[in-house]
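Accompanying notes for the structure given below.
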Amino acid sequence: MERALSAPGKLFVSGEYAVLWGGVARVAAVAPRTAAFVRRRADARVHVCLEEGTLKGSATPKGVRWDGAVPAGFAFVARTLDEALRAHGRQSVGFELAVAPSAVGPGGLKLGMGGSACATVLAADAVRFILEERFDTLKLALVAHALGQGGKGSGGDVAASFAGGVLRYRRYEVAGLAATSNAGGFRAALMESPAVDVWRLPSPKVALAYAFTGESASTRVLISQVEARMDEAARQAFVARSDAVGHELESGLSGGDFRAFKEAVTAQQALLQELGPTETEAMRRILAIAASYGCAGKQSGAGGGDGCILFAPNPETRAELMKGLEARGFHSMMLEVEPGLRGEAQVDLRLRAWLDAHA
């Protein structure tokens, strides 16, 4: 019993930070996709193969009993496997899981396109398949990813990798589910918990691109810094303004008046800068270049590094913008909206070889 699958990365279109405090985010699922391959074992052993190496343990009803300490690079996948086995709640067969590395830019730096969320979604659905379970993959992945981040993060990246397309998303409360994971009754809680508030929007009519700043950022650190500076009243005022701008931005994605859409994107970026120094010098340069080509752009995510999502009125203008960015030393990518988590007919042979080497 085996399965190949893949899931996309993500970029925030609007609603960063606001989604943490009850607001709405718009998130796009984008390439490159990440591949995974899982197969059942005859015993109860668990093997996880990543680019960093192999982690081994044994399946139990309370999670995986790992043979040693879990390295940092395995943290999200390992946590997801633990949660899936707890949702199963009884002794199970073992399995072998290989997950390809997330996309990297020049110098091997992560591009900031939701690699940990994508790996979490892939691991959750891979184990659900092996266990022949019917729990909600998205809910389980949201719980596992939140716990892997110490409770930080909105889950918007997880939702995008799972559902695909361009999404309107509101943060899903996972504290109650996390408590049942530790106390028992996790499977029933997953089944009975409310649906995730996520809606797929029409495909955008504007042309999308991404430019990497050349710097990686820590979302968890940035969130902690911003939240330390804002009380509850300030957060709710920010949410109200962000939701209003996000609505205008969402309307503009479907085409029409690009000038009005550009103003909404610029307003969203200006609003994010009121939170503190989340925009780097490289981001300012990228956004200035985009403006010089008549395009719009903003940081995607918490800021402090990673990159900017860019919007052009048509593919021809996008192509010219990308040439301009590359000429100035910025790594850029043309973006197309991707479908979400899916099974694949062909196995990534590299992943099969990883598993064969450690069977």
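Calculated FRET efficiency, residue 288 to residue 227, Cβ-Cβ distance, R0 = 30 Å: about 0.55 to the nearest 0.05.
Building the convex hull from the alpha-carbon atoms of segment 202-334 and averaging its projection over directions returns 7.9 nm². Each Cα pair under 8 Å and six or more residues apart adds its sequence gap; the mean of these over the residue count of segment 27-184 is a relative contact order of 27 percent. For residue 165, the residues whose amide H sits under 5 Å from its own are 29, 338, 340, ignoring neighbours fewer than 5 places away on the same chain, with H placed 1.01 Å from N. Remark: segment 4-14, residue by residue, has Karplus-estimated 3J(HN,Hα) of 9, 8, 8, 8, x, x, 8, 9, 6, 8, 7 Hz, where x stands for each Gly or Pro and the curve is 6.51 cos²θ - 1.76 cosθ + 1.60 at θ = phi - 60°.
Regarding segment 206-261, what's the average projected area of the Cα-atom convex hull, expressed in nm²? Projected area, direction-averaged: 5.6 nm². Taking the helices alone, the chain has a mean residue ellipticity at 222 nm of -13000 deg cm²/dmol, built from -39,500 (n - 2.57) per DSSP H run of at least 4 residues and averaged over all its residues. Note that the chain carries a Kirkwood radius of 20.8 Å, evaluated over its alpha carbons pair by pair.
Of 10/262; 110/152; 62/110; 139/205; 10/139; 56/110, which pairs sit farther than 28 Å apart, going by alpha carbon to alpha carbon? Over 28 Å apart, Cα to Cα: 62/110; 139/205. If the segment from residue 326 to residue 203 were pulled out straight at 0.36 nm per residue, it would be longer than the present Cα-Cα gap by 41.6 nm. Accessible surface of segment 222-288, 1.4 Å probe: 54 percent of it comes from carbon and sulfur atoms.
Counting every alpha-carbon pair across segment 1-144, the share separated by more than 23 Å comes to 35%. For segment 264-321, the spread of Cα coordinates along the three principal axes comes to 35, 21, 17 Å, biggest extent given first. Note on segment 131-199: Cα convex hull, mean projected area over all directions, 4.8 nm². When the alpha-carbon atoms of segment 132-284 are used, the pair Rg, Dmax equals 17.9, 54 angstrom. Considering only protein heavy atoms and a probe of 1.4 Å, how much of the accessible area of segment 139-204 is carbon and sulfur, as a whole percent? For segment 139-204, the apolar C and S fraction of the accessible surface comes to 55 percent.
Evaluating 6.51 cos²θ - 1.76 cosθ + 1.60 at θ = phi - 60° for every residue in segment 73-90, the Karplus couplings come out as x, 9, 4, 5, 5, 4, 4, 5, 5, 4, 5, 5, 5, 5, 5, 5, x, 8 Hz, glycine and proline recorded as x.
In sequence order, segment 167-180 has phi-based couplings of 10, 9, 9, 10, 4, 9, 6, 10, 4, x, 5, 4, 5, 6 Hz under the Karplus curve 6.51 cos²θ - 1.76 cosθ + 1.60, θ = phi - 60°, and Gly or Pro positions carry x. For the chain, the solvent-accessible area of protein heavy atoms averages 41 Å² per residue (probe radius 1.4 Å; ligands and nucleic acids excluded). Packing, as the average of other Cβ atoms within 10 Å across residues, places the peptides 42-48, 253-259 in the order 42-48, 253-259, highest first.
The values are calculated or read from the model by the stated rules, or taken from the named source; none is laboratory data. The shown structure was predicted, so the numbers you read here are calculated from the model rather than taken from an experiment. Glycine also receives a Cβ, built like all others from the backbone with ideal geometry; neighbour counts cover every protein chain displayed. The protein model used for the area step is the full one, side chains on, heavy atoms only, and it has no ligands, DNA or RNA in it. Shrake-Rupley method; radii C 1.70, N 1.55, O 1.52, S 1.80 Å.
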